[in-house]
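A short worksheet on the structure shown next.
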Amino acid sequence: MKRLLRVVFVLLFLTLGVAAFTYNGVWYNTNSNTNGITKIVVKSNGLIRVYGRCVPNACDWGNRRYRRINSGLLASWRQSGIGHKVVLLERAGVNRVKAIVKYLYCDGRVDKTSIEYFKKVPIIQVVDRRDKFVGSWVSSNPNTRMLTKGRIYKQGRGIYVHLWGKCHPNDCDWGSIGARVNVNRLNIIWNKGFVRRVMIIKGLNYYNGKYHKLRIKTTNYYNDSRGVRRTVEYMNRVN
């Protein structure tokens, strides 16, 4: 009972008033040589997980449900035969927090308090460059005698281009071919037997995470008297 009262007293003692702050994320101690807490993980589901300095691997305190108070987040861990660990997490800057840690021992050791600072690990969003091209496309020239429409799609780790050319009475289906992404371009080589086509599809009019126009430059290497011919065409996004 006395132990519980001590924990309650510490919780009340640590309650201070500061502005609201977003704590969700992974926080690392700014002191790489600390002998205390090395990492704190705060989850949006109301759980907090703490890791302490140990050798050879960090000590995992485990998940605990935190309580929101005026000054920040509050949680405690009970270790049988050792005592309680109470952590108060407070805002300490734009991307920093302060951890006030109370060690309340029941094994004869003297209680202690430590204060350490942590910085959040930035969340790096991985952008799939293929998504900028994915969609259905149609020639910007309704009277084109070359490419009429296309579809670009992802499959597995690859990106594929399906094109149609002008023919009568129906467009010629060129089929699909894998492409290589190079910054804002797709590079393709079509081998059609009588002609080898080297195509560079450049993305244009980028907004909302996608290109909305394509510039298609094709160099045709014919196996007959036509030799080498080059064309430049444009397509607009349909969806």
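Among the listed pairs Lys43/Lys112; Lys43/Lys120; Lys98/Lys120; Lys132/Lys192; Lys39/Lys112; Lys166/Lys210, those whose Cα-Cα separation exceeds 18 Å are Lys43/Lys112; Lys132/Lys192; Lys39/Lys112; Lys166/Lys210. With only the Cα atoms considered, segment 129-237 has a convex hull volume of 103 Å³ per residue.
Against the main long axis of the alpha-carbon atoms of the chain, helix 2-14 sits at an angle near 60°. For segment 89-226, the dipole from Cβ point charges (+1 on Lys and Arg, -1 on Asp and Glu) about the Cα centre works out to 440 debye, to the nearest 20. When shorter helices are ignored and each DSSP H run of at least 4 residues is given -39500 (n - 2.57), the per-residue value for the chain at 222 nm works out to -1500 deg cm²/dmol. By the beta-carbon count within 10 Å of each Cβ, the least crowded to most crowded order of Ser76, Ser139, Ser114, Ser44, fewest first, is Ser44, Ser114, Ser76, Ser139.
Isolated cysteines of the chain, defined as having no other cysteine beta carbon under 4.7 Å away, are Cys106. Look at Met199, Met235 and count the other Cβ atoms within 10 Å of each Cβ; fewest to most, that gives Met199, Met235.
So what is the relative contact order for the chain, in percent, with contacts set as C-alpha pairs under 8 Å and at least six apart? Please report the intermediate quantities before stating the final value.
On the way: 484 pairs, mean separation 26.1, N = 239.
Once divided by the residue count of the chain, the mean separation gives 11 percent.
Each principal axis of the chain carries a Cα extent, and these read 97, 38, 26 Å when sorted largest first. Counted without the sites themselves, the longest stretch of the chain free of trypsin sites (Lys or Arg not before Pro) in a DSSP loop having at most 16 other beta carbon atoms within 10 Å is 54-108. Toward the positive end of the charge dipole of the chain, with +1 on the Cβ of Lys and Arg and -1 on the Cβ of Asp and Glu, the farthest Cα among His168, Ile189, Tyr206 is that of His168. Each 5 Å bin, from zero up to the one with the longest distance, holds this percent of the alpha carbon pairs of segment 152-209: 4, 15, 22, 25, 18, 10, 5, 1, 0.
Assigning unit charges at the beta carbon (Lys, Arg +1; Asp, Glu -1) and nothing else, what dipole magnitude in debye, to the nearest 20, does the chain show about its Cα centre?
Value, rounded to 20: 220 debye.
Coordinate-derived values only; no laboratory data. Remember, it's a predicted structure, so these values are computed and weren't measured experimentally. With ideal geometry, Cβ positions are generated from the backbone for all residues, glycine too; neighbour counts draw on all protein chains shown.
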